[in-house]
Structures are given as structure tokens and as C-alpha cells.
């Protein structure tokens, strides 16, 4: 039944009207952030806004939130039994707690929290931390949470994390000449594999395009992606439409969208790419000539 449902979506998708590509690119704007003082009984205020809602995807993306953790701010210790989340920080430092284990991570970095595992985050510094949260549910649109009413402030810390982390360190990237038929040599690493997750969350990638390089045109029959730009600028092309794409922009790449990137700027174009599949381990990428 699931296969028939996906097939029907693929057949009807080209017929659905979509906004122009430029209008589909979301931009993180602090002026839109809602400040909340009590997120899962957390340690202090947090500001956030929805960059891209899960309703834009066929797969089980639930939300993409972008925001800030002011000094002393955080999200309290809680569980999800129907979805997986991943907290990212792009600058500064924050205390991450997963399953009662706390360590300080320095941005850019992130840590996934899998089904039925607990997590929290706290900013103990005097600086505002740029933050993002992505979630993928076990069932489309199904959210749940159970708070333990613990801020985790002052928790004993491990020097090295005793939980899964994702480091966005350029030194760890590997050269990929003519990536999917593109120009020049880009730098790439899959920081998290699908085996990490219980849901159909598929991967977290780190990609850097030096000036003058591009990725070739590809499409994914069974995977949708979120592109988030960490640094730099360039252009993104989807199904023949091209638009500028820069720092703090985000974009949904839907099933079978033919897409490519080009860095026509003067500095590196650096992205995080998150994938979710229609079915576990279905990760086919088709290069388009």
C-alpha cells in the first residue's frame, strides 16, 4: 500500500503548481523569531521560527526551526517516542544532554536524539548561540513529547561526548572531483548514516563548493532533502529554475526534483544537507545528463 501511495504521488507531483523557486527559499530572519521562556521546562529563553513546515514534504519531515539560544537559554530535558530531532549550533558553545550524559559542543556541530531517547540543551555562556532544530517523525505529522522538568543546568559533564555527534569541520571533508558531473572539485562528507536513525531520517551531509565549482544535476526518487547554507553564496537550480542562494537560506528538495548547485561567488559555499526517505535505506541518486 505504501509503495502504491508513493507511486501515485510521483505521478501527480509534476501536475501540482508550485511557487517560483525564489519564493520557496526560506531565510532565517531574527525579526521573525518568537521568544519563549519555557520550552520543555528549559533553563531560560529561546527564540525560534519555522523555516520550512513539514507540510511542504511528502516524507516525514515535521519541522525545521531556526533560532537563537540567548545566554542562559535552553530547552529542558524531554523525550519523544514518535519522532527524532537533531539540534545544531552554528557558533559558540552549548551543553548538550543525551540520555542523561552531558558534554559541551562547539559550533558548528550537532547531536541527534533518536526515538525514546532523552535530550536537552543549555547555553551557559555570555554569548548568543545560533541554533537550528530539525525533526522527522515515525508517522507523518505525529508529534509527542514527555517533559522531565529538569533543566540539566549544572549537570556533571563528560570531557568527550558519550552520545552521537556530528562535527561540521572542513578538515574532515574529502575532495570529490566532478561531483555528480559538476565542475571542479567540491569537498564532501556524510556525517551521519541512515543506520544512526530509527525513523526514515536518512543522512546528514556536509558539503563545500569552492568558488567556480558546481554539483551536477541529480534527482532522488525516494529521498527528500533540506539544504541549509552555513556560509557563502551561489545559485541553486531546480527543474530548470535558477535562484540565488546564500548564508542562512534553506530550501526543500522534493521527490524527483532535478537539482544542482553552483558557487559563482568569491568565497566557499558551505551547506548542511539533511535527507529523509519514503522508506528506510532507499537512497537512490540518479544523475541527470
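Brief remarks follow.
- In the set (1) in contact (Cβ under 8 Å) with a residue 12 or more places away in the chain; (2) part of a loop (DSSP other than H, G, I, E, B); (3) more than 19 Å from the chain's Cα centre (by Cα), residue 78 fails one condition alone, (2).
- Extreme residue, surrounded by the most Cβ atoms within 10 Å (Cβ to Cβ), among residues of region 137-168 that are on the phi < 0 side of the Ramachandran plot and out of contact with any strand residue (DSSP E or B) (no Cβ under 8 Å at 6 or more places or on another chain): 140
- Given (1) modelled with pLDDT of 95 or more; (2) assigned to a loop (DSSP other than H, G, I, E, B), number of the condition residue 38 does not satisfy: (1)
- The listed residue being surrounded by 20 or more Cβ atoms within 10 Å (Cβ to Cβ), outside the structural domain of residue 273 (by TED's automatic domain parsing), in contact with a helix residue (DSSP H, G or I) (Cβ under 8 Å, 6 or more places away or on another chain) and in contact (Cβ under 8 Å) with a residue 12 or more places away in the chain, out of 48, 87, 62: 62
- Residue ID - nearest to residue 201 (Cα to Cα), chosen from residues in region 25-44 that are in contact with a strand residue (DSSP E or B) (Cβ under 6 Å, 6 or more places away or on another chain) and surrounded by fewer than 18 Cβ atoms within 10 Å (Cβ to Cβ): 27
Yes/no per residue for (1) touching a residue at least 24 places away in the same chain (Cβ under 8 Å); (2) touching a strand residue (DSSP E or B) at 6+ places or on another chain (Cβ under 6 Å); (3) assigned to a strand (DSSP E or B):
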{"residue": "224", "(1), (2), (3)": "yes, yes, yes"}
{"residue": "229", "(1), (2), (3)": "yes, yes, yes"}
{"residue": "257", "(1), (2), (3)": "yes, yes, no"}
{"residue": "267", "(1), (2), (3)": "yes, no, no"}
{"residue": "271", "(1), (2), (3)": "yes, yes, yes"}
{"residue": "275", "(1), (2), (3)": "yes, yes, yes"}
{"residue": "280", "(1), (2), (3)": "yes, no, no"}
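- Taking region 242-255 as the range and being closer than 23 Å to residue 168 by Cα and either in contact (Cβ under 8 Å) with a residue 40 or more places away in the chain or surrounded by fewer than 21 Cβ atoms within 10 Å (Cβ to Cβ) (or both) as the test, the residues that pass are 245, 246, 247, 248, 249, 250, 251, 252.
- Test: residue in region 135-146 that is closer than 19 Å to residue 95 by Cβ and either assigned to a loop (DSSP other than H, G, I, E, B) or in the same structural domain as residue 249 (by TED's automatic domain parsing) (or both): no
The values are calculated or read from the model by the stated rules, or taken from the named source; none is laboratory data. Bear in mind the structure is a predicted one, so any value in this text is a computation, not a measurement. We place every Cβ from the backbone using ideal geometry, glycine too, and count neighbours over all the protein chains shown.
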